[in-house]
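This report concerns only the one structure given below.
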Amino acid sequence: MKFTELGLAEPIQRATISAGYEEATPIQANAIPVVLSGRDLVGCAQTGTGKTAAFTLPMLDRLFQSLPAKTPSQPSGRRRQGPPGARPRTLRALVLSPTRELASQIGDSLAKYGKHTPLRYAKIFGGVSQHPQVKSLRHGVDVLVATPGRLLDLMDQGHIDLSKIEILVLDEADQMLDMGFLPALKRIVSKLPRERQTLMFSATMPPAIRRLADQWLTDPANIQVAPVAT
C-alpha cells in the first residue's frame with residue numbers, strides 16, 4: 001500500500017513524501033488505519049520494520065485534526081490558549097519507551113513527520129540534566145516522549161500533568177517489563193484518563209504483555225506482521 005492511500009492529513013503526507021516514503025511496510029499498512037480510527041491496538045513487530053512511523057504518523061494526524069481553531073483576534077500562528085496563566089498547550093499524547101536512545105529516535109521521528117504542522121514535542125529521559133527538559137515543557141507540548149523513571153521524577157516535582165492524555169503509546173513493552181519498569185508503568189497509567197486510545201508495541205508477546213493488554217486496552221486490534229521472537 002502506498003502512503004498516499006492511507007488517508008493521512010495533507011501536512012503529514014507531505015512530510016512522508018519529502019522523506020522519500022512511497023510504499024508502507026506491513027506494520028505501517030496494517031496499523032495506521034487502525035490508529036486513525038481511534039481503536040486500541042496491540043502490535044507485534046521486530047525492530048527495523050517501520051513501527052515508529054506506524055504509530056507516530058497516525059498519532060500526529062489525530063492530534064493535528066483536533067487542534068483548536070484560531071480566533072480572528074489572535075496573531076497568525078497562535079492558537080487560543082485560555083485564560084491568563086494557563087499553560088499554552090495541553091499535553092495530549094504520551095509515548096513511553098525503555099531507553100533514552102529509543103526515546104530520542106522517536107522524538108526525531110515526530111519532528112520529521114510533524115514539521116509541517118504546529119504541533120509541539122518534547123523528549124525526556126534520565127542520564128542527563130533535567131533542566132533543559134523542564135524548560136522544553138514550560139510552554140506546553142502536544143506530545144511527550146519519555147522513559148518511565150524520568151517521567152515519574154518530573155511528575156512528582158509537578159512539571160507534568162497527564163490528566164488530559166488522549167493517546168498512550170507503549171513502545172517496546174517487553175523491554176520495559178524486562179528492565180523492571182512494571183511498577184512505574186502502573187503508577188503512570190493510574191494518572192491517565194480512563195477514556196483514551198492505547199497502543200502497545202512489542203517485539204515479543206509473553207503472557208505478561210497479554211495481561212497488561214487485557215488490563216489497559218479496550219477491544220484492541222491485534223496485528224502481527226512477522227514471526228514472534230522467542
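Carbon and sulfur together cover what percent of the accessible area of the chain at a 1.4 Å probe radius? Mind showing how you got there, number by number?
Values: 5610 of 11020 Å².
Roughly 51 percent of what the probe reaches on the chain is carbon or sulfur.
Could you let me know the centre-to-centre spacing of the range 85-126 and the range 201-216, using Cα atoms, in angstrom?
About 24 Å separates the Cα centre of the range 85-126 from the one of the range 201-216.
Relative to the present Cα-Cα distance, how much length would full extension add between T47 and D153 at 0.36 nm per residue of separation? Before the final figure, lay out the partial values.
On the way: separation 106, 0.36 × 106 = 38.16 nm, distance 2.83 nm.
Length difference between fully extended and current span is 35.3 nm.
Find out how many positive minus negative residues lie around I223, taking Lys and Arg as positive, Asp and Glu as negative, among other residues whose Cβ is under 12 Å from that of I223. Walk me through the numbers on the way to the answer.
Values: positive: R39, K51; negative: D40.
Residues close to I223 contribute a combined charge of +1.
Quick check for you: which residues of the range 115-138 have the amide N under 18 Å from the point 7 Å beyond the Cα of Q175 toward its beta carbon?
Answer for the range 115-138: 123-128.
Using 0.36 nm per residue, how much length does the chain from S18 to S37 gain when fully extended, once their Cα-Cα distance is taken away?
Values: separation 19, 0.36 × 19 = 6.84 nm, distance 2.51 nm.
This chain segment gains 4.3 nm when fully extended.
Would you mind classifying the range 1-60 by shape? Square roots of the alpha carbon gyration tensor eigenvalues, ordered a ≥ b ≥ c; an a/c under 1.5 is rounded, otherwise it is prolate if a/b is larger than b/c and oblate if not.
Working: a/c = 1.85, a/b = 1.26, b/c = 1.47.
Verdict is oblate for the range 1-60.
Under 1.5 on a/c is rounded, so check that first for the range 172-230, then, if it is not, pick prolate when a/b is larger than b/c and oblate when it is not; a ≥ b ≥ c are the square roots of the alpha carbon gyration tensor eigenvalues. Before the final figure, lay out each step's value.
Details: a/c = 2.43, a/b = 1.28, b/c = 1.89.
Cα axes put the range 172-230 in the oblate bin.
Which net charge results when you count Lys and Arg as +1 and Asp and Glu as -1 among the other residues whose beta-carbon is under 15 Å from that of S37? Let's see the in-between values first.
Details: positive: R39, R62, R196; negative: D40, D61, E166, D219.
Computed value for this residue: -1.
Using a 1.4 Å probe and counting only protein heavy atoms, arrange M1, M176 so the residue with the most accessible area comes first. Present the calculation step by step, with values, prior to reporting the outcome.
Working: M1 100, M176 0 Å².
Output order, biggest surface exposure first: M1, M176.
Please list R196, R100 from largest to smallest accessible area, probe radius 1.4 Å, with all protein chains kept in place.
Values: R196 45, R100 100 Å².
Sorted by accessible area, descending: R100, R196.
What is the set of long-range amide H partners of D142 at a cut-off below 5 Å, with H atoms built 1.01 Å from backbone N?
R120, Y121
What does the charge count around P98 come to, taking other residues whose C-beta lies under 15 Å from its C-beta (Lys +1, Arg +1, Asp -1, Glu -1)? Can you show the working numbers first?
Numbers: positive: K51, R100, K123, R150; negative: E101, D171, E172, D174, D178.
Charge balance in the 15 Å sphere: -1.
Would you kindly find the accessible area of H131, with a 1.4 Å probe and non-protein molecules such as ligands, DNA and RNA excluded, rounding to the nearest 10 Å²?
130 Å²
Starting from the 7 Å offset along Cα-to-Cβ, what nm value, one decimal, do you get for the label separation of E101 and N222?
3.1 nm
Taking the full set of protein chains and a 1.4 angstrom probe, give the accessible area of V141 in square angstrom, rounded to the nearest 10.
Probe radius 1.4 Å; accessible area of V141 about 10 Å².
Can you list the lysines whose alpha carbon is less than 28 Å from that of K135, not counting same-chain residues fewer than 8 positions off?
K70, K112, K115, K123, K164, K186, K191
When only the heavy atoms of the protein chains count and the probe is 1.4 Å, how do K186, K112 rank by accessible area, highest first?
Numbers: K186 105, K112 85 Å².
Greatest to least solvent exposure: K186, K112.
By its C-alpha gyration tensor, with a ≥ b ≥ c as the square roots of the eigenvalues, how is the chain shaped: rounded for a/c under 1.5, else prolate for a/b larger than b/c, else oblate? Present the calculation step by step, with values, prior to reporting the outcome.
Details: a/c = 1.69, a/b = 1.14, b/c = 1.48.
Judged from the Cα gyration tensor, the chain comes out oblate (a/c at least 1.5, b/c at or above a/b).
Per residue, how many Å² of accessible area does the range 80-230 show with a 1.4 Å probe? Working shown, then result.
On the way: 7340 Å² over 151 residues.
Per residue, the range 80-230 has an accessible area of 49 Å².
On the full set of protein chains, 1.4 Å probe, figure out the accessible area of S37 and give it in Å² to the nearest 10.
90 Å²
The values are calculated or read from the model by the stated rules, or taken from the named source; none is laboratory data. Please read all numbers here as calculations on a predicted model, not as lab measurements. Every residue, glycine among them, receives a Cβ derived from its backbone with ideal geometry; neighbour counts consider all protein chains shown. Side chains are part of the model used for accessible areas, which takes the heavy atoms of the whole protein and leaves out ligands, DNA and RNA. Shrake-Rupley method; radii C 1.70, N 1.55, O 1.52, S 1.80 Å.
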